[in-house]
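Starting off with a structure, shown below.
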Amino acid sequence: MKRRLPYLVLILVLVMTILAAAYGSQTGNKVSVTLPEFKVTLNGEEVNNSYSKYPLLVYKGITYFPMTYHDCRFLGLESYWRGNTEGLFIEATDVTVAYQPYRSSVKNKRYQTAVIPGFPIMVNGKAVDNQKEEYPLLAFREITYFPMTWNFGVNEFRWDYSFDGQNGLVIDSDNIKMIQKNLPTNRARNADGTLKNNVAVTNTFVYYEDTMGQIIQAPLADTSRTKAVYQLPALIYGWQDVDGKTFVYASLYAEDGQMFLAYHQGGAIMGTDYLIRLNDDGTTTLLNDTRYNIKNFGDISIKYWAGPAPGPGNLFIQGKDVEWHPLGNQDLLYGWAWRVREDQSRGGGSSKDVYLVGDDLYILGFDIMAEAENTSTTGIYTTGIYKVNINTNETVRISEREVTAFQIEGEHLYYASEGGIYRYSLRDGTEELLKELAKAPNKIGRFSVLNGNVYWQDGLDQNLYNLKGENLNSGAELDGMKLCGDNEEYLVCTFKETPPSKYRLMVFDRKGDVVFKTSDKAYSPYIYITGKMLYFYNTTSETVCIGELDEHPETKPQSLAGHIVIAGDTLYFDQVEIVRREDKERVSELGLKDIDMPSGYIIINENKEETVFELTGEVKYIFTDMDLYFVKESDSDRLYTTTQKAEFLKHLGKLNDFPLSQQTIPYFIEVQNGKVISITEKFGYTI
């Protein structure tokens, strides 16, 4: 277990749009600060103080860290500036971003001057009086620096640290750390000179488009080892090359561990859609070069026309050793969200919502022939969900409601219609209104369902909500959502890169918990999840990022030190703080002398509060068996691990008979969901 840093002084950088306002309020006494002379590493990234625009600082013997907009989020914090009256708000939210240092070409001088600001500060909802702080916030180069006491660094922000002469100061936060992979510089660019975001990742390779219109494959283990696997053709319109230099607009995406390339060649009417699988060995497989959408279900394949001038009878099926042949009611247009507008114009777009459940195919349909012949008694013609039996061709519309998108999960089919979310039972055909969510002129935009949890986009503010109506990323406009994972056990949501957007990428699990969130920008087609590993192209850092999805915060083990007494299946615990001689900043803060730590440490127990935990039969007990009750090798380290509470109690002997208030030996426990999962006795604290 790492020692925790007593004084981690962090720079909480205000968003660049508010820097002027924030700095305008940072008037006060000037103080002298210096650059540190030791190495500092944040979440595995070494900080270059000499050539950093916002270097670490030292004030009154305490280290101050620069945390700009990206740096504070890199360490799991968010900062918000709300004007001179309300001041600075800091929250530990476990947000994460890719590391993006603020480099400078000018070497920093060792001695600098900072200012003590006077605006209000709130940390996790608690007020901080900066004028009374021994180590106050500082302002340096128009950035707010935040001083971290033991309470802030450890208790509020949950950081760990280690310090030694060789490695210097090493700080780790408990948010998700992303591994970053840089890409070669020969990537394709847009007309304005910006990089194309056409980069997709699997757990093995990254693929991107280069300046020559080639699709490049590179192993994640070494992205410099590139190989061209496909040459994009020059764009043509009609039968003419556009200019011979412009390549088709291509899209890469990963699905089921495989990489796919899609592009359109030619004009809107006479052109062709191509779908190509890019194989790991560098070969390619042409999957589709038609204007049909094709969906495979084992040995059965379904296709429907998705090109221009769609018409009725566009649905076909192919089985094993069976040629393509028509399927369903030939009067219907299948696989389209089709509408007849008030001005009697007609149009729509193709849909990929197609499911095969047993022998029944569920697909959107519009009765083109009935509309053309005006045979409806109501005169209203809408797109709906149809069930088509692939053996008998029996075709049934399951609901008269207008539906333009739907999803099947388990034994239910979910769809949005007229501002409501509905659920249809595949078992008995009953229809249920789950909730009315939007009233005209508002409507439901995108929606998705994961384990019965409904997520939907408001048609007016474009924000993401759940079925309870809770805004899941307030002010952020949703721009993409898709189910991901080996069994589609995660929902990925991406958001536009606008100032109100706190997070630009969020991942939800089946319980509805957020297992990943970042303020960096990414697009849903370029995000891939397998197991608990997340892979995506980060357009903010322009790197490939890899991270392990977080468990729910409440399920993470919490490490504590304190005195203990065991009675039955109950652990009575009094938390303490252990300060070691090498924890120089904490020692300085407490005014300790070497004489106060004859054994190299001191145990501080100011609160003396008793906490009760439940002990289960799965608790691990780890201790040094000095009496050789259980360890037989006397010349070994005698370290013993057991799940037998009776063995641990035998080791404790009469020590467990003393009241909690009289205990002197600290033990180290891990707590998860209110239950103790391990108790460790460290020999160095028993002598």
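The values are calculated or read from the model by the stated rules, or taken from the named source; none is laboratory data. Predicted, not measured: the structure shown is a model, and the values here were computed from it. FYI the Cβ positions are ideal-geometry reconstructions off the backbone, even for glycines, and counts take in every protein chain you see. The accessibility values were calculated without ligands, DNA or RNA, using every heavy atom of the protein model including side chains. Shrake-Rupley method; radii C 1.70, N 1.55, O 1.52, S 1.80 Å.
If I filter the stretch 335-349 for residues that are in contact with a strand residue (DSSP E or B) (Cβ under 7 Å, 6 or more places away or on another chain) and among the hydroxyl-bearing types (Ser, Thr, Tyr), do I get at least one hit?
no
Another question about this same structure. Is it true that Tyr455 is in a loop (DSSP other than H, G, I, E, B) and within 30 Å of Asp359 (Cα to Cα)?
No; evaluated as a whole, the condition is false for this residue.
In addition: For residues that are at pLDDT 90 or above and either of a type in the set (A, V, I, L, M) or outside any loop (DSSP other than H, G, I, E, B) (or both), tally how many sit in the stretch 72-91. Reasoning before the result, please.
Let us first name the residues in the stretch 72-91 that are at pLDDT 90 or above, namely 72-78.
Add one more test, that the residue is either of a type in the set (A, V, I, L, M) or outside any loop (DSSP other than H, G, I, E, B) (or both), and what stays is 72-75, 77-78.
The number of residues fulfilling the criteria is 6.
Do we find that Thr641 is over 19 Å from Ile578 (Cβ atoms), touching a residue at least 12 places away in the same chain (Cβ under 8 Å) and of a type in the set (S, T, N, Q) in this structure? If you could, list the steps in order and put the result at the bottom.
Values: over 19 Å from Ile578 (Cβ atoms): yes; touching a residue at least 12 places away in the same chain (Cβ under 8 Å): yes; of a type in the set (S, T, N, Q): yes.
Answer is yes for this residue.
Let me ask another. Within the stretch 135-156, which residues are in a loop (DSSP other than H, G, I, E, B) and modelled with pLDDT under 85?
Glu142, Pro147, Met148, Thr149
If I filter the stretch 629-687 down to residues being touching a Phe, Trp or Tyr at 6+ places or on another chain (Cβ under 6 Å) and among the polar types (S, T, N, Q), which single residue comes out as least open to solvent (accessible area, probe 1.4 Å)?
Result: Thr642.
While we're here: Go through Asn463, Asn391, Asn471, Asn451 for me and flag whichever is in contact with a strand residue (DSSP E or B) (Cβ under 8 Å, 6 or more places away or on another chain), open to solvent by 70 Å² or more (accessible area, probe 1.4 Å) and of a type in the set (S, T, N, Q).
One residue alone meets the criteria, Asn451.
Keeping to the stretch 91-144, report how many residues are in contact (Cβ under 8 Å) with a residue 60 or more places away in the chain, of a type in the set (Ser, Thr, Tyr), under 19 Å from Leu35 (Cβ atoms) and touching a helix residue (DSSP H, G or I) at 6+ places or on another chain (Cβ under 9 Å).
Looking only at that region, the number is 2.
Looking at the stretch 359-374, I want the residues that are under 17 Å from Ala309 (Cβ atoms) and have a partner that is modelled with pLDDT of 90 or more and surrounded by fewer than 17 Cβ atoms within 10 Å (Cβ to Cβ) with Cβ atoms under 7 Å, at least 6 apart or on another chain. Which pairs are those?
Partner pairs satisfying both residue conditions: Ile368/Gly311.
Among the strands (runs of 3 or more DSSP E) contained in the stretch 313-388, which hold 3 or more residues that are surrounded by fewer than 17 Cβ atoms within 10 Å (Cβ to Cβ)?
By residue number, 346-350.
Here's a follow-up. What about Ala561, is it in contact with a Pro (Cβ under 6 Å, 6 or more places away or on another chain) and more than 30 Å from Ala98 (Cα to Cα)? It would help to see each step written out before you state the result.
Numbers: in contact with a Pro (Cβ under 6 Å, 6 or more places away or on another chain): yes; more than 30 Å from Ala98 (Cα to Cα): yes.
It is true that Ala561 is in contact with a Pro (Cβ under 6 Å, 6 or more places away or on another chain) and more than 30 Å from Ala98 (Cα to Cα).
Output the residues belonging to the stretch 415-453 that are in contact (Cβ under 8 Å) with a residue 24 or more places away in the chain, within 18 Å of Tyr362 (Cβ to Cβ) and of a type outside the set (Ser, Thr, Tyr).
Scanning the stretch 415-453 gives Ala416, Ile421, Leu426, Gly429, Glu431, Phe447, Val449.
Moving on. I'm trying to understand the selection: among the residues of the stretch 81-99, which are closer than 29 Å to Leu505 by Cα and open to solvent by 50 Å² or more (accessible area, probe 1.4 Å)?
If the condition is that a residue be closer than 29 Å to Leu505 by Cα and open to solvent by 50 Å² or more (accessible area, probe 1.4 Å), then Arg82, Glu86, Glu91 are the ones that fit.
Separate question: Kindly list the number of the only condition in (1) more than 29 Å from Leu639 (Cα to Cα); (2) of a type in the set (Asp, Glu); (3) exposed (fewer than 12 other Cβ atoms within 10 Å of the Cβ); (4) in contact with a strand residue (DSSP E or B) (Cβ under 8 Å, 6 or more places away or on another chain) that fails for Glu618.
(1)
Okay, next question. Take Gly469 and tell me if it is out of contact with any Ser or Thr (no Cβ under 7 Å at 6 or more places or on another chain) and not in a helix (DSSP H, G or I).
Judged against the criteria, Gly469 is a match.
Ok, one more. Please go through (1) at pLDDT 95 or above; (2) open to solvent by 30 Å² or more (accessible area, probe 1.4 Å); (3) in a strand (DSSP E or B) for Tyr415 and return the number of the only condition it doesn't satisfy.
Result: Tyr415 passes all but (2).
Let me ask something else. Being hydroxyl-bearing (Ser, Thr, Tyr) and either over 19 Å from Arg73 (Cβ atoms) or open to solvent by 10 Å² or more (accessible area, probe 1.4 Å) (or both) is the filter here, so list the residues in the stretch 114-158 that pass it. Lay out the reasoning, then the answer.
Initial filter on the stretch 114-158 (hydroxyl-bearing (Ser, Thr, Tyr)): 135, 144-145, 149.
Answer for the stretch 114-158, where residues must be hydroxyl-bearing (Ser, Thr, Tyr) and either over 19 Å from Arg73 (Cβ atoms) or open to solvent by 10 Å² or more (accessible area, probe 1.4 Å) (or both): Tyr135, Thr149.
Which of the following residues is under 26 Å from Arg504 (Cα atoms) and either more than 27 Å from the chain's Cα centre (by Cα) or open to solvent by 30 Å² or more (accessible area, probe 1.4 Å) (or both): Tyr102, Tyr64, Tyr111?
Tyr102
So which of Asp583, Asp569, Asp520 ends up being among the acidic types (Asp, Glu), over 30 Å from Ala476 (Cβ atoms) and open to solvent by less than 30 Å² (accessible area, probe 1.4 Å)?
Asp583
Modelled with pLDDT under 95 and either open to solvent by less than 80 Å² (accessible area, probe 1.4 Å) or among the hydroxyl-bearing types (Ser, Thr, Tyr) (or both), is that true of Leu261?
It is false that Leu261 is modelled with pLDDT under 95 and either open to solvent by less than 80 Å² (accessible area, probe 1.4 Å) or among the hydroxyl-bearing types (Ser, Thr, Tyr) (or both).
Out of all the residues in the stretch 205-219, which are among the β-branched types (Val, Ile, Thr) and surrounded by fewer than 15 Cβ atoms within 10 Å (Cβ to Cβ)? Lay out the reasoning, then the answer.
At the first step, the residues of the stretch 205-219 found to be among the β-branched types (Val, Ile, Thr) are 206, 211, 215-216.
Hit for the stretch 205-219 is Thr211, nothing else.
For the stretch 476-499, give me each residue that is open to solvent by 20 Å² or more (accessible area, probe 1.4 Å) and on the phi > 0 side of the Ramachandran plot.
Answer for the stretch 476-499, where residues must be open to solvent by 20 Å² or more (accessible area, probe 1.4 Å) and on the phi > 0 side of the Ramachandran plot: just Glu488.
Follow-up. With in contact with a strand residue (DSSP E or B) (Cβ under 8 Å, 6 or more places away or on another chain), open to solvent by 20 Å² or more (accessible area, probe 1.4 Å) and either free of Cβ contacts under 8 Å to residues at least 40 places away in the same chain or among the polar types (S, T, N, Q) (or both) as the only criterion, which of Asp289, Asp222 stands out?
Exactly one of Asp289, Asp222 is in contact with a strand residue (DSSP E or B) (Cβ under 8 Å, 6 or more places away or on another chain), open to solvent by 20 Å² or more (accessible area, probe 1.4 Å) and either free of Cβ contacts under 8 Å to residues at least 40 places away in the same chain or among the polar types (S, T, N, Q) (or both), namely Asp289.
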